[in-house]
Amino acid sequence: MRDMTTVRRKIVVDRDRCTGCGLCQIECSLLHEGGFQPAAARIRIQPRKEGKSPVPLLCLQCESQQCVFVCPTGARWKRVETGQVVFQEDKCVHCKMCLLTCPNAGIIDLQEERLLFCDFCGGEPACVEACPKGALSLRDLRPIQKVRLETENLLSPGLGSCPGCTAEWAVRFTVQVLGANTVVGVPPGCMAGIVGFGTNTGAKIPVVFTLLTNAASMMAGVKHHFLKRGRDVHVVAFAGDGGTADIGLQALSAAAERGDNIIYICYDNEAYMNTGIQRSGTTPLGCWTATTPLGKTGRGKKQMSKDISLIMLMHGLPYMATACPSYPEDYLAKLEKAKQVREGLVYIHILTPCQTGWQFSPEKATEIGRLAVETNYFPLWEAIDGNLRFTKKIEFPKPIEAFTRMMGRYKHLTRQEISTLQKVIDTRYQKLVKLSRPQ
Amino acid sequence: MRRDHILFIGNSGAAINAIKGIRHVNAECPITLLSQEPHTAYSPVLTTYLIAGKMTRNRMALVDEAFYHDYQIERRYNQRAISVSATDRKVFLEDGTAIDYDKLLIATGAIPNLLDCDFPIGLPVFTVRTIEDAEKIQSRASNWRKVVFAGAGLVSFQIANALRKYSDRMVFIDIADQILSKNLDTQASRLVQRQIEAEGGTFLLGRNIIHVEESQEGVVVHTDQGETITGNALLVGTGVHPNIPEIVPKGIVKVNRGILTDRRMRTSVESIFAAGDVCETFDLISGDYRVVSNWPNACFQGQVAGQNMGGGEAFFEGSLAMNATSVFGLSFASIGEVRDHPGKEREIASYLDEPRGIYKKWVFQGDRMIGAIMLGDIGENALVAEVIRRRIRISQEKKALMAYPSKAASLLCGLL
């Protein structure tokens, strides 16, 4: 089944970072053509008009791999070990079928009857190493594929979430990684509606319905019950931002202080989405919600958001982290660490972009999550015994406008309001940087 | 996992991709493949390359022998089915045996159109579709000095391009008033015609062949306007039509021009599927059902049919006419709906650069691009094809393209 193997590693393009310097083309042509011939590189840089960054076009090792399916000569095929598409130039007759069907326009047509394909440089692409701005990077898909292929999906399909819900992905992925030996507790919120509770759940594992005020302490009790019975069970509380930062905070803080060995995950969609998008403690500055409306005087939320993850950091937990569904590898690594903790509470804060409340169309969710990280709006870090370490270092953060302009809840922001928001984000990030320095 | 017995009639692009599609969702079900031709699958795309000598017979195979083994396919070559019973789900073979099936895929492809007129058997009149056709032409072509082509389309030009090294005179006769009438608009076809005329081709357009006779050199062709053209051979490249096998139970399986299929590539009978050039299916741009014979569509249709037959679910996004080729030193590409249709609400941006021999045309309907012609420089074809295929709404880019039709690449690249 050689054409059915999946891609293991791929090149990821961050278009906003491309300056069009052409170093990738030079390296590529040096390696493949043995000379300085940017036009014969396996990557093309399409300039755009003033003010817009150029677009690098290359083979992205996509999953559809239509070039393999349409090639009438069999010159394109997949390598079983890596899932990479291989090209045999001597077989190719330049019929251009692949060119017309490539979804990424990543095949280079040299006019002298030659088609050029990215060969991934046998594993270490030269263009990625050459890129000075980080517009090209490598992504290893193997850990995620391992989860997808080798573990059981413990939630049934067709749960009651809104289409494109990232929080549903988060809970599905979490229990998939933690395994069947898990008990999940959900306080009222979206998740109670998505997973269900009692005997009417969409899960193959027990789901406990806690009160909004006591998710942490109730799950701590569940954990103690299992400990008394001598059973080692992962006990997870899956609470929203309201159930964590506002109503459930005292229970969480107390459980952290007592050192109850549960995994507390806060999926943060930055408002009470389940009840109709009311403001919560983590709703950011200037953001529209149903209770912070726009009008003659109202300009969205007047207060800054509560930095709940820093509050939790000060509890000196054995392990805590922030995560985002747009970076599944990063989240996976953090979950694996959380699994190992045998003493004390683990806190994970996931930013889950909410298409209903944030007002964007569902297919943008991944991009928005990524922009939240790339603008330092939501930095990804972890802390072991209170020692903070960034897991995704953003060298050249994007302006916050790149994030805010993607969604309806920020549509009203003026330039001044954006710069205020930018200042808040910068200050918070600097605080984190200070904390991450070794004493 | 269902263990339906799946039977294939046909062995080319659609069938091979259907096999891949089935195994994508179902590793267990037994698959049997019936084929009249005695070799492994190959693509008719390559026959003109075989004539040109860019391809050899050994390398024509689309997949190797190991493929059939890996994918666990039972092959029956040189087997002709004589009838299908849709109610009993049985296929009867020539040798009197019958095969039971649970799902049947008809992927018999297309056969070339022949001349309308009758002509005596034994004349050097050839069509080009199979390996055998190509080999016949290849073995004789070195003696041909003057070749007559019926039809001025892509196939004719590709063969003509291949035969250029032998014959110095080529005459193209076509019933339409312009060449490449299926692929290009008037302006672009005029440019291509000029290029081919400069290379030694002559055109007789708007004429029908009424009679073909034997002559000392080879053939004499008579047109309805009284011309007689002699040549060493007559090559027929007037397009193809679906090869609907006689065994298809007529009246039960709906057949228009091709076998009618829905977006799951299922025919009007639940257990019978069709894919490839033989079927008439959803058109991406117009939304009508029609026959679009080209290789990539056949491959995608095969994949969709395979996944549905294997027990999964997939939908065909719609066929899209597209072509990119290079003949007589001129490359051109056409994608989607490009012909001039008076009376339809279309907006057109085009530009012509005579000295450099570049012509581009972008066709819009509403705020979507539905067709494109590139001639001389086909650098944008991949980008444009994707913008058309994904049906992206491009109201802003459209405005810019109407003003600057030459800047397509830089305007559209951000959309992918």
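If we keep just the residues of the stretch B:345-386 that are in contact with a Ser or Thr (Cβ under 8 Å, 6 or more places away or on another chain) and under 12 Å from residue B:285 (Cβ atoms), which is nearest to the other protein chains (Cβ to nearest Cβ)?
Of everything passing the filter in the stretch B:345-386, B:372 is nearest to the other protein chains (Cβ to nearest Cβ).
Looking only at the stretch B:337-347, decide whether some residue is assigned to a strand (DSSP E or B) and at pLDDT below 90.
yes
Give the residues of the stretch B:390-416 that are assigned to a helix (DSSP H, G or I) and either within 28 Å of the chain's Cα centre (by Cα) or at the interface with chain A (Cβ under 9 Å from one of its Cβ atoms) (or both), sorted by residue number.
B:400, B:407, B:408, B:409, B:410, B:411, B:412, B:413, B:414
Among the residues of the stretch A:33-65, which ones are in a helix (DSSP H, G or I) and either among the aliphatic types (A, V, I, L, M) or at pLDDT 90 or above (or both)?
A:39, A:40 - these are the residues of the stretch A:33-65 that are in a helix (DSSP H, G or I) and either among the aliphatic types (A, V, I, L, M) or at pLDDT 90 or above (or both).
Return the residues of the stretch B:267-288 that are hydroxyl-bearing (Ser, Thr, Tyr) and at pLDDT 90 or above; say none if nothing qualifies.
Hits for the stretch B:267-288 are B:267, B:268, B:271, B:281.
Condition first: within 29 Å of the chain's Cα centre (by Cα), surrounded by fewer than 19 Cβ atoms within 10 Å (Cβ to Cβ) and farther than 18 Å from residue B:380 by Cβ. Now tell me which residues in the stretch A:24-59 satisfy that.
Matches in the stretch A:24-59: A:51, A:53.
Can you tell me how many residues in the stretch A:227-257 are crowded, with 24+ Cβ neighbours inside 10 Å and charged (D, E, K, R)?
Of the residues in that region, 1 qualify.
Examine the stretch B:380-389 for a residue that is more than 11 Å from residue B:412 (Cβ to Cβ) and assigned to a loop (DSSP other than H, G, I, E, B), and state whether such a residue exists.
no
Looking only at the stretch A:378-403, filter to residues that are in contact (Cβ under 8 Å) with a residue 40 or more places away in the chain and over 28 Å from residue A:341 (Cβ atoms); which one of those is surrounded by the fewest Cβ atoms within 10 Å (Cβ to Cβ)?
If we take residues in the stretch A:378-403 being in contact (Cβ under 8 Å) with a residue 40 or more places away in the chain and over 28 Å from residue A:341 (Cβ atoms), then A:395 is surrounded by the fewest Cβ atoms within 10 Å (Cβ to Cβ).
So which residues in the stretch A:88-97 are more than 9 Å from chain B (Cβ to nearest Cβ) and modelled with pLDDT of 85 or more, if there are any at all?
Correct list: A:92 only.
Checking residue B:313 against (1) in contact (Cβ under 8 Å) with a residue 40 or more places away in the chain; (2) within 14 Å of another protein chain (Cβ to nearest Cβ); (3) under 25 Å from residue B:103 (Cα atoms); (4) surrounded by 16 or more Cβ atoms within 10 Å (Cβ to Cβ): exactly one of these is not met. Which one?
Against the list (1) in contact (Cβ under 8 Å) with a residue 40 or more places away in the chain; (2) within 14 Å of another protein chain (Cβ to nearest Cβ); (3) under 25 Å from residue B:103 (Cα atoms); (4) surrounded by 16 or more Cβ atoms within 10 Å (Cβ to Cβ), residue B:313 comes up short only on (4).
Given the conditions (1) more than 8 Å from chain B (Cβ to nearest Cβ); (2) over 24 Å from residue B:55 (Cα atoms), and given that residue A:71 satisfies all but one, which numbered condition is not satisfied?
Answer for residue A:71: the failing condition is (2).
Pick from the stretch B:40-58 the residues that are surrounded by fewer than 22 Cβ atoms within 10 Å (Cβ to Cβ) and more than 10 Å from chain A (Cβ to nearest Cβ): which of them is nearest to residue B:75 (Cα to Cα)?
Within the stretch B:40-58, the match that is nearest to residue B:75 (Cα to Cα) is B:40.
For residues that are of a type in the set (A, V, I, L, M) and outside any helix (DSSP H, G or I), scanning just the stretch A:86-101, find the one that is farthest from residue B:62 (Cα to Cα).
Here the residue is A:86.
Condition first: assigned to a loop (DSSP other than H, G, I, E, B), hydroxyl-bearing (Ser, Thr, Tyr) and crowded, with 20+ Cβ neighbours inside 10 Å. Can you find one or more residues in the stretch B:106-128 that meet it?
The answer is yes; a qualifying residue exists.
Could you pull out the residue among A:223, A:228 that is free of Cβ contacts under 8 Å to residues at least 60 places away in the same chain and more than 19 Å from residue A:319 (Cα to Cα)?
One residue alone meets the criteria, A:228.
Which helices (runs of 4 or more DSSP H) sit wholly inside the stretch A:350-439 and have at least 1 residues that are small (Gly, Ala, Ser) and touching a Pro at 6+ places or on another chain (Cβ under 6 Å)?
The helices (runs of 4 or more DSSP H) meeting that bar are A:365-374.
For residues in the stretch B:279-300 being away from chain A (no Cβ under 11 Å) and not in a strand (DSSP E or B), which is nearest to residue B:49 (Cα to Cα)?
So the residue we want is B:293.
With crowded, with 24+ Cβ neighbours inside 10 Å and charged (D, E, K, R) as the only criterion, which of B:262, B:277, B:283, B:340 stands out?
After applying the criteria, what remains is B:277.
For the stretch A:107-129, give me each residue that is in a loop (DSSP other than H, G, I, E, B) and at the interface with chain B (Cβ under 8 Å from one of its Cβ atoms).
A:107, A:111, A:113
Only one of (1) farther than 23 Å from residue A:12 by Cβ; (2) facing another protein chain (nearest Cβ under 9 Å); (3) out of contact with any Ser or Thr (no Cβ under 6 Å at 6 or more places or on another chain) is not met by residue A:55, so which one is it?
Every condition holds for residue A:55 apart from (1).
Can you tell me which residues in the stretch B:147-197 are assigned to a helix (DSSP H, G or I) and without any contact (Cβ under 8 Å) to a residue 12 or more places away in the chain?
Listed by number, the residues that qualify are B:189, B:194, B:197.
Return the residues of the stretch A:108-149 that are more than 21 Å from the chain's Cα centre (by Cα), within 19 Å of residue A:7 (Cβ to Cβ) and exposed (fewer than 15 other Cβ atoms within 10 Å of the Cβ); say none if nothing qualifies.
A:122, A:123, A:124
From the list B:315, B:300, B:328, exactly one residue is of a type outside the set (Asp, Glu), closer than 25 Å to residue B:6 by Cα and over 17 Å from the mean Cα position of the chain (by Cα). Which is it?
Answer to the check: B:315.
Tell me which of these residue B:66 doesn't satisfy, since it passes every other one: (1) within 22 Å of residue A:74 (Cα to Cα); (2) of a type in the set (Gly, Ala, Ser); (3) surrounded by 17 or more Cβ atoms within 10 Å (Cβ to Cβ).
(3)
Going by the conditions given, is residue A:36 more than 10 Å from chain B (Cβ to nearest Cβ) and without any contact (Cβ under 8 Å) to a residue 12 or more places away in the chain?
Spelling it out, residue A:36 is indeed more than 10 Å from chain B (Cβ to nearest Cβ) and without any contact (Cβ under 8 Å) to a residue 12 or more places away in the chain.
List pairs: first in the stretch B:14-38 and more than 11 Å from every other protein chain (Cβ to nearest Cβ), second acidic (Asp, Glu) and part of a loop (DSSP other than H, G, I, E, B), Cβ under 6 Å, 6+ apart or cross-chain?
B:29/B:4
Tell me which of these residue B:339 doesn't satisfy, since it passes every other one: (1) within 11 Å of another protein chain (Cβ to nearest Cβ); (2) in contact with a Leu (Cβ under 9 Å, 6 or more places away or on another chain); (3) among the charged types (D, E, K, R).
(1)
The values are calculated or read from the model by the stated rules, or taken from the named source; none is laboratory data. Computed from a predicted model, the values in this text were never measured in an experiment. Methodologically, a virtual Cβ is constructed for each residue, glycine included, from the backbone with ideal geometry; neighbour enumeration extends over all protein chains shown.
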